[in-house]
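First the structure, in the form of structure tokens, and then the observations on it.
The values are calculated or read from the model by the stated rules, or taken from the named source; none is laboratory data. Model, not experiment: these values are computed from the prediction. All Cβ positions, glycine included, derive from the backbone under ideal geometry; neighbour counts span all protein chains shown.
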Amino acid sequence: MSAPSHATELPRVQTPLPGPRSQALFDRIDPHLTGSNADHGIYPLAETGKRGYLIVDADGNTFADHMSAWGASPFGPTPPRVKQAMDAAWNQHGMQISGWLPNTAAFALVEKLAGIAPGRLTRVEYSVSGTLAVEGAVKFMREASCRPLIITFGGQYHGESTYMTAGASSDLSNVSSGRTQYVSGMVMVPYPNRFRSAFRRGPGPFDDCEVLDYLDYLLVQQIHPGQVAGVLIEPVLGEGGIHAPSQAFWDRLGALCKRWGWLLCLDEVQTCMGRCGEMFAMQRWQGIDPDLLLLGKAFAAGGQPIAAILGTDAVMAKTELHLGSTYGFVPAACAGALAGIELIEAGGVLENARELERIFLEVLTPLKAEVPQVGDVRAVGAMAAVEFVQDRASSTPAPAFQYAVHHAVLRRGVLGISQRGKWHYRLQPALTMHPSVFRHSCEAIAEAIREVAKSPPVERGSIQEAVADAQR
Ligand SMILES: Cc1ncc(COP(=O)(O)O)c(C=O)c1O
């Protein structure tokens, strides 16, 4: 891959965080902000721009960007090809409501998606955000099956709408703490997890199919399989800490879907378009045969907001649903998304994502043997996590340790994904991040973990108390 200028520049932090200029900006703007937007404890810096794969703050500090707009900026600096395609579409179409007015920009993207969509997926529904795509998929599943129930997995995240905060649980412990909406129609089983089991004590490795034993139990004790419309699952658990189910899990889940006529919906909002080292994360396994597949985040290629629901003829050809939104598939967003897919097809991007996975595991896995608080180290393409525990034997979560590591890492100029109350620390860099910058970051994380381990913070008795502590 040709490296753009600044691609190999390393980060440098030269002030305490927040620096004086960032703090002055916070002081001015905070009276006008709300909730988490006015909370600068997690990211104590005010971004003023980007340079290569670095975030620059108001004090001139630079940080290697391992958030990449939560995965929505998959190529780091906006690739000229994506920008040119978007500019051309703006000039040609301006704003257009694609769900009502047929237009060639949307058609070009639909044809490309139909060409690359795996398995039986042939149809494309326009959307604008991941949350709306999931909401729409739930409606499709219910309409196509005339059944009410959706099976979801604990720890998943599908967005902040009323319905989707009920269908997910990853943020019960922090962002949406105490404000989750409870609605009917969702049946939740634990996400397949080989390190931490909902049914057993201590650290794994566990057989992650045991969650399907539990589902079998629910099918006898609580729900009738004929009432289930479908299964909503992230192929790799993102917000819940980067878990990739086993092939055996997918085989058995697929068999259950076939047996009971359940639709399989893959929420690939976070995992699509190269994030996991394949165009779609499901391609890391054999034989997954979805009825619906959801795109968001990296699908936008760092351009305008866009999301999509891919589906089979059986689910989508004769639908009476109208899921339109004013901003779904606006022409410039379509042109950017199309250019992004073409960039991946041109080669180098998926290979780089797999190289980042290799580097992460190579640098951080040895810490499992060295630091008792490092419970597990996981990576699937360019999404990676370190899970922290209080002690190896019990594998009790260590959110205070995670939060301290995040700040020790930030001081070293590495900006990853951390949340209060979570005990895994994540990286989600641009798929194209230069391996030398990524390796430097992984080494900085290892150093920060060793530093925190010398004097570990006190862990509280509950996740809720850990969140409260971190907010002080
Ligand atoms: C798996 C998954 N689904 C859905 C969403 C919601 O997407 P959005 O924030 O674009 O509404 C997210 C966002 O993080 C996600 O990770």
Practice problem: Could you grab me the full set of residues in the stretch 191-235 that are of a type in the set (Asp, Glu) and assigned to a loop (DSSP other than H, G, I, E, B)? | Solution: Asp207, Asp208, Glu234
Exercise. Would you check which residues across the stretch 351-400 are at pLDDT 95 or above and among the polar types (S, T, N, Q) and list them?
Key: Asn352, Thr365, Gln373, Gln390
Exercise. Only residues in the stretch 343-361 that are of a type in the set (D, E, K, R) count as the first member; pair them with residues that are assigned to a helix (DSSP H, G or I), Cβ under 7 angstrom, at least 6 apart or cross-chain, and list the lot.
Key: Glu355/Pro435
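Can you tell me which residue within the stretch 236-268, out of those that are part of a loop (DSSP other than H, G, I, E, B) and within 18 Å of Thr312 (Cα to Cα), is farthest from the ligand (Cβ to nearest atom)?
Narrowing the stretch 236-268 to residues part of a loop (DSSP other than H, G, I, E, B): 236, 238-242, 244-246, 261-262, 268.
Retained after the next criterion (residues that are within 18 Å of Thr312 (Cα to Cα)): 261-262, 268.
Values: Gly261: 25, Trp262: 19, Glu268: 8 Å.
Residue satisfying both the conditions and the ranking: Gly261.
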Exercise. Taking Val231 as the residue in question, decide whether it is in the same structural domain as Val124 (by TED's automatic domain parsing), β-branched (Val, Ile, Thr) and within 13 Å of the ligand (Cβ to nearest atom).
Key: no
Practice problem: Please enumerate the residues belonging to the stretch 269-301 that are crowded, with 24+ Cβ neighbours inside 10 Å, more than 11 Å from the ligand (Cβ to nearest atom) and part of a loop (DSSP other than H, G, I, E, B). | Solution: Met273, Gly274, Cys276, Gly277, Phe280, Pro290, Asp291, Ala301
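Just checking, how many residues over the stretch 410-442 are polar (S, T, N, Q), in a loop (DSSP other than H, G, I, E, B) and either closer than 30 Å to Glu345 by Cβ or outside the structural domain of Arg51 (by TED's automatic domain parsing) (or both)?
Pass one, the stretch 410-442, residues polar (S, T, N, Q): 418-419, 428, 432, 436, 441.
Of the ones still in play, those that are also in a loop (DSSP other than H, G, I, E, B) are 418-419, 428, 432.
Now narrow it down to the ones that are either closer than 30 Å to Glu345 by Cβ or outside the structural domain of Arg51 (by TED's automatic domain parsing) (or both): 428, 432.
So the answer is 2.
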Quiz item: What number of residues in the stretch 117-139 are within 16 Å of Glu268 (Cβ to Cβ) and within 14 Å of the ligand (Cβ to nearest atom)?
Solution: 11
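Every residue in the stretch 308-331 that is outside any loop (DSSP other than H, G, I, E, B) and either within 17 Å of Met141 (Cβ to Cβ) or not assigned by TED's automatic domain parsing to the domain that holds Glu239 (or both), please. Lay out the reasoning, then the answer.
First, the residues of the stretch 308-331 that are outside any loop (DSSP other than H, G, I, E, B): 308-316, 331.
Of everything in the stretch 308-331, those that are outside any loop (DSSP other than H, G, I, E, B) and either within 17 Å of Met141 (Cβ to Cβ) or not assigned by TED's automatic domain parsing to the domain that holds Glu239 (or both) turn out to be Ala308, Ile309, Leu310, Gly311, Thr312, Asp313, Ala314, Val315, Met316.
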